[in-house]
1. Please give the helix 17-28 orientation as an angle from the longest Cα principal axis of the chain, in degrees from 0 to 90, rounded to the nearest 10.
2. Please determine, in degrees from 0 to 90 and to the nearest 10, the orientation of helix 68-82 with respect to the longest principal axis defined by the Cα atoms of the chain, where the helix direction is its Cα long axis.
3. From the backbone phi of segment 194-211, what are the Karplus-calculated ³J(HN,Hα) couplings (6.51 cos²θ - 1.76 cosθ + 1.60, θ = phi - 60°) in whole Hz, Gly and Pro given as x?
4. Report the net charge of residues surrounding Gly98, where surrounding means a beta-carbon distance below 10 angstrom and charges are Lys +1, Arg +1, Asp -1, Glu -1.
5. Using a 1.4 angstrom probe on the protein heavy atoms only, line up Leu99, Leu240, Leu116, Leu88 by accessible area, largest first.
6. Taking amide H positions as placed 1.01 Å from N in the peptide plane, with prolines and chain starts having none, which residues 5 or more places from Val189, or on another chain, fall under 5 Å of its amide H?
7. What nm distance separates the two modelled labels at Ser176 and Leu82, each placed 7 Å from Cα along Cα→Cβ?
8. What is the distance in Å between the Cα centres of segment 1-30 and segment 41-115?
Amino acid sequence: MFDLSGKVAFVTGGSRGIGRATAAALAEQGAHVVLTYVGNEASAREAVDAILGAGRKAEAIRVDVGDGPAAELAIAEAAKRLGRLDVLVSNAGVSLDGLLLRMKDEDFDKVLSVNLKGAVACARAAIKVMMRAKTGRIIFVSSVVGEMGNPGQTAYAASKAALLGVTKSLAKEYASRCITVNAITPGYVDTDMTSSMTPEQREKTVAGIPLGRTGSAREIATAIAYLASDEAAYITGQTLRVNGGMYM
């Protein structure tokens, strides 16, 4: 099951956290993975080397998805060079937290530029390739925060909530071309983005999770691998919640 042999997957923000785990999971299933990074080339290299060391295929390219034209060009060039593009996992994201009254407009704009506009730009480029093949999988990595909100994360919540609307709209637009579009909303996962939480914040968070723990990047990645597979061919326009029950 979940055989992705011979397929090409493009994973944005694939050098760490959920993106890195996703790149590894897709590669394990046989996909040739192209992962992107912005600044940490060493981390991206480690992610690629781990996949290559396991006998799978991967490569890394530097691109800031907040630069829409650059992101679109990177996807188009990768698809042309590799001859196809079967899966897009739009995972790259930033979080600039703070109470709304203290948030600068430029910070709000940056979050939307990367998390929302960048994701849409990547989808646009992928769809152009997938339409010709009349098949494809697009998976947006949203967040539980986009569904339930969170104090101090207005910009982040807005960007992630918007992705759910994008998912439904694109699913309807391109279903006739056999392109499925889905979103996944991770709960609190042990990644760099949540590592800054204080022990008190972590304790409070875990107390609100019925399963009594945070999740792992691997648990999110395996759910994404399912949505990327042929087994999920009849699923589109949906949001898959992987959050330990903290939002139902």
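1. With rounding to tens, the tilt is 30 degrees.
2. 40
3. 9, 5, 7, 5, 6, x, 5, 5, 5, 4, 5, 5, 4, 4, x, 10, x, 6
4. Working: positive: Arg102, Lys104; negative: Asp97, Asp107.
Counting the neighbours of Gly98, the net charge comes to 0.
5. Working: Leu99 95, Leu240 65, Leu116 40, Leu88 0 Å².
Ranking Leu99, Leu240, Leu116, Leu88 by accessible area, largest first, yields Leu99, Leu240, Leu116, Leu88.
6. Excluding prolines and chain starts, which carry no amide H, the hits are Gly215.
7. A separation of 2.9 nm, rounded to one decimal place.
8. Computed from Cα coordinates, the inter-centre distance equals 13 Å.
The values are calculated or read from the model by the stated rules, or taken from the named source; none is laboratory data. Remember, predicted model here, so these are calculated numbers, not experimental data. Here Cβ is always computed from backbone atoms with ideal geometry, including for glycine, and neighbour counts include all displayed protein chains. SASA here: full protein model, heavy atoms, side chains in, ligands and nucleic acids out. Shrake-Rupley method; radii C 1.70, N 1.55, O 1.52, S 1.80 Å.
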